1. Out of the GluC sites (Glu not before Pro) in segment 26-134, which ones are loop residues according to DSSP with at most 12 other C-beta atoms within 10 Å?
2. Ignoring any ligand, DNA or RNA, what whole percent of the accessible area of segment 39-134 comes from carbon and sulfur when the probe is 1.4 angstrom?
3. For every other residue with a beta carbon closer than 12 angstrom to the beta carbon of residue 31, add +1 if it is Lys or Arg and -1 if Asp or Glu, then tell me the sum.
4. Local charge sum around residue 45 (other residues, Cβ-Cβ under 13 Å, Lys/Arg +1, Asp/Glu -1)?
5. Of the chymotrypsin sites (Phe, Trp or Tyr not before Pro) in segment 19-121, which ones lie in a loop per DSSP and count no more than 12 other C-beta atoms within 10 Å?
6. Subtract the Cα-Cα distance of residue 118 and residue 61 from 0.36 nm times their separation in residues, and report this length gain in nm to one decimal.
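The values are calculated or read from the model by the stated rules, or taken from the named source; none is laboratory data. What you see is a predicted model; the values in this text were computed from it and never measured. Every residue, glycine among them, receives a Cβ derived from its backbone with ideal geometry; neighbour counts consider all protein chains shown. We work out accessible area using only protein heavy atoms, side chains counted, and drop any ligands, DNA or RNA first. Shrake-Rupley method; radii C 1.70, N 1.55, O 1.52, S 1.80 Å.
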Amino acid sequence: MTTKLPPTYAILILLLINILPNKVLAQNEPFNCDYNAYLFQRNDIYALDLASGSSYLVKEDITPGNINAVGYNPADGYIWGYLSSPSKSIVKIGKNFNVETFTIDELTTAGKYIGDVSASEFIILKEAEQNIIQ
């Protein structure tokens with residue numbers, strides 16, 4: 001005896017089969033040991049070979065806004081940076097260059113142009129107005 005699924009269940013199962021593997025593959029993976037330096041130009045990322053000075057584009061248009069004020073966090077293995085749009089946002093970038101965006105309402109809307117991650121895992125951002133935000 002064969003049982004037919006109602007059309008809505010069949011559609012739901014097809015969606016799950018197609019969506020779940022993509023979600024698993026889209027997970028961020030930390031950089032950990034990487035021999036490249038990275039240059040952020042607007043929302044593009046270039047890998048730099050510091051020995052030869054050569055560079056190449058590794059990921060294009062990864063965010064809707066520009067990424068600036070980036071720093072590497074050795075504790076979690078990710079690159080963190082400030083995102084110009086949406087405002088008051090920071091991004092977490094993994095080895096596969098997938099991006100997670102976090103909105104922080106306490107951030108000002110002024111542009112951030114210097115960034116790093118402290119030993120205590122705080123992202124530090126410097127604004128043009130001389131404010132330092134932790």
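1. For GluC sites (Glu not before Pro) across segment 26-134 that sit outside H, G, I, E and B with at most 12 neighbouring Cβ atoms in 10 Å, the list reads 60, 106, 121, 129.
2. Roughly 50 percent of what the probe reaches on segment 39-134 is carbon or sulfur.
3. Computed value for this residue: -1.
4. Values: positive: 42, 59, 95; negative: 34, 44, 60, 61.
Here the charged neighbours net out to -1.
5. Those satisfying the criteria are 35.
6. Length gained between residue 118 and residue 61: 17.8 nm.
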